[in-house]
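Peer 1: Got a structure here, written out as structure tokens. Questions coming.
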Amino acid sequence: MATKSFGYLPDGKEVSIFTITNKNGLSVSAINYGGIITSIMTPDKYGTLGNILFSYDSLEQYLTDTSYVGAIIGRCTNRIAGASFILDGKQINLTKNEGNNSLHGGRKGFNTKWWHIQEKHVREGNALRLTATSFDGEEGYPGKLNIEFIYIITDSDELIIRSNATCNKKTIMNLTNHLYFNLSAGCDATVENHLLQVKTNYFLHLNEQKIPDGDFVSVEGTPLDFRKQKTIREGLDLSYEQIAVTEGIDHCFLVPTAKDYVVHYEDATSGRILEITTQEPGIQIYSGNFLSRQKYGGIAFEPQHFPDAVHHKNFPTIELRPGQLFSSETVYSFKVRTN
């Protein structure tokens with residue numbers, strides 16, 4: 001593990017950048033602030049390494065970022081309608097930070113939290129262990145939550161992200177990482193011409209506030225049908241009501257199995273390929289519609305439980321009880337097409 005300074009927070013606390021590398025030279029770097037992954041260096045078809053994340057060069061840019069670039073998201077990723085819910089008969093009120101709703105954990109979500117980072121040895125490869133605590137009442141959420149993320153880089157050119165959590169009082173939680181990928185490593189300003197395949201038959205229908213209304217919609221006949229590989233641009237059809245609502249792709253797709261990849265993402269020019277498998281029931285795909293530096297500059301794949309699950313009994317629960325361990329794993333596999 002290599003460590004170096006990445007700057008200072010306004011309170012004077014020094015932020016470090018931690019880098020782990022596998023035997024092939026593939027590396028992953030992360031910082032204490034937000035648990036942000038700042039780079040994933042992978043080779044193109046000529047063997048040239050490049051950072052395949054949409055990212056920033058300085059801590060100051062991350063401190064002013066409003067797009068959650070590269071960060072850990074929680075206590076609840078995505079949107080909660082009305083920033084409130086009922087838990088055991090009691091109304092819980094959360095911080096409102098997107099109109100009347102709560103988005104990505106509130107004003108001070110896990111993306112702004114200080115994460116303690118240390119090197120960890122695991123059987124799969126080199127790893128970083130990140131830990132933090134979310135206290136009872138933080139952003140309105142009940143219960144103290146202890147969180148652990150483990151970033152593992154394997155010699156098979158995989159990034160494995162494991163997340164674990166425990167609580168001391170019944171609460172809700174929904175965790176993810178908000179990585180934006182641009183497989184051209186900066187050669188293409190946008191990802192519109194990159195190829196995408198999403199192996200699922202359904203997505204969650206959204207209302208005008210970009211919150212699921214509980215309906216599972218078939219991708220058949222819609223621009224969100226990526227079962228056969230096509231360019232991201234082909235999915236950005238604003239004449240389709242669901243794309244118009246979000247001004248691009250920003251939808252949760254159902255994950256049919258944790259044993260096979262749900263996402264196959266490819267840049268034909270560089271030859272780089274990303275495949276994602278996850279234990280989560282859904283994966284939010286966001287085409288970077290409002291990235292401040294460059295619209296469509298990267299595409300985010302956010303494995304997670306379904307958004308606003310607290311208001312839909314037909315969704316998998318996001319409740320966590322004392323004595324219960326939440327655990328999840330997502331694997332990002334990096335490949336290269338040389339022909």
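Peer 1: Quick check on this structure: which one of G82, G106 is within 23 Å of A30 (Cβ to Cβ), at pLDDT 95 or above and surrounded by 15 or more Cβ atoms within 10 Å (Cβ to Cβ)?
Peer 2: G106
Peer 1: So, in the stretch 78-106, how many residues would count as being at negative phi and not in a loop (DSSP other than H, G, I, E, B)?
Peer 2: So the answer is 15.
Peer 1: Which members of the stretch 134-169 meet the condition of being small (G, A, S), surrounded by 20 or more Cβ atoms within 10 Å (Cβ to Cβ) and in a loop (DSSP other than H, G, I, E, B)?
Peer 2: Result: G143, single match.
Peer 1: So which strands (runs of 3 or more DSSP E) are wholly in the stretch 180-239 and hold at least 1 residues that are more than 22 Å from P281 (Cβ to Cβ) and at pLDDT 95 or above?
Peer 2: Strands (runs of 3 or more DSSP E) meeting the threshold: 195-198.
Peer 1: Hey, can you tell me all the residues within the stretch 1-15 that are of a type in the set (G, A, S), over 16 Å from K120 (Cβ atoms) and in a strand (DSSP E or B)?
Peer 2: Answer for the stretch 1-15, where residues must be of a type in the set (G, A, S), over 16 Å from K120 (Cβ atoms) and in a strand (DSSP E or B): S5, G7.
Peer 1: Right, next: Can you name every residue in the stretch 151-179 that is of a type in the set (S, T, N, Q) and either at pLDDT below 95 or under 19 Å from the mean Cα position of the chain (by Cα) (or both)?
Peer 2: Across the stretch 151-179, the qualifying residues are S163, N164, N174, T176, N177.
Peer 1: Shifting gears a bit: Out of the residues in the stretch 216-269 that are crowded, with 17+ Cβ neighbours inside 10 Å and among the charged types (D, E, K, R), state the one that is farthest from G186 (Cα to Cα).
Peer 2: Looking at the filtered set, the residue picked out is D225.
Peer 1: Just for the stretch 289-335: of the residues that are of a type in the set (A, V, I, L, M, F, W, C) and in a loop (DSSP other than H, G, I, E, B), which one is nearest to the chain's Cα centre (by Cα)? Let's see the steps before the verdict.
Peer 2: First, the residues of the stretch 289-335 that are of a type in the set (A, V, I, L, M, F, W, C): 290-291, 299-301, 306, 309-310, 315, 318, 320, 325-326, 331, 334.
Pick out the ones that are also in a loop (DSSP other than H, G, I, E, B) and you get 290-291, 306, 315, 318, 325.
Details: F290: 16, L291: 15, F306: 13, F315: 20, I318: 17, L325: 21 Å.
Among residues in the stretch 289-335 that are of a type in the set (A, V, I, L, M, F, W, C) and in a loop (DSSP other than H, G, I, E, B), the one nearest to the chain's Cα centre (by Cα) is F306.
Peer 1: Yes or no: the stretch 31-45 includes at least one residue that is in contact with a Gly (Cβ under 6 Å, 6 or more places away or on another chain), over 19 Å from W114 (Cα atoms) and in contact (Cβ under 8 Å) with a residue 40 or more places away in the chain.
Peer 2: yes
The values are calculated or read from the model by the stated rules, or taken from the named source; none is laboratory data. Bear in mind that the values here come from a model prediction, so they are computed numbers and not experimental data. Methodologically, a virtual Cβ is constructed for each residue, glycine included, from the backbone with ideal geometry; neighbour enumeration extends over all protein chains shown.
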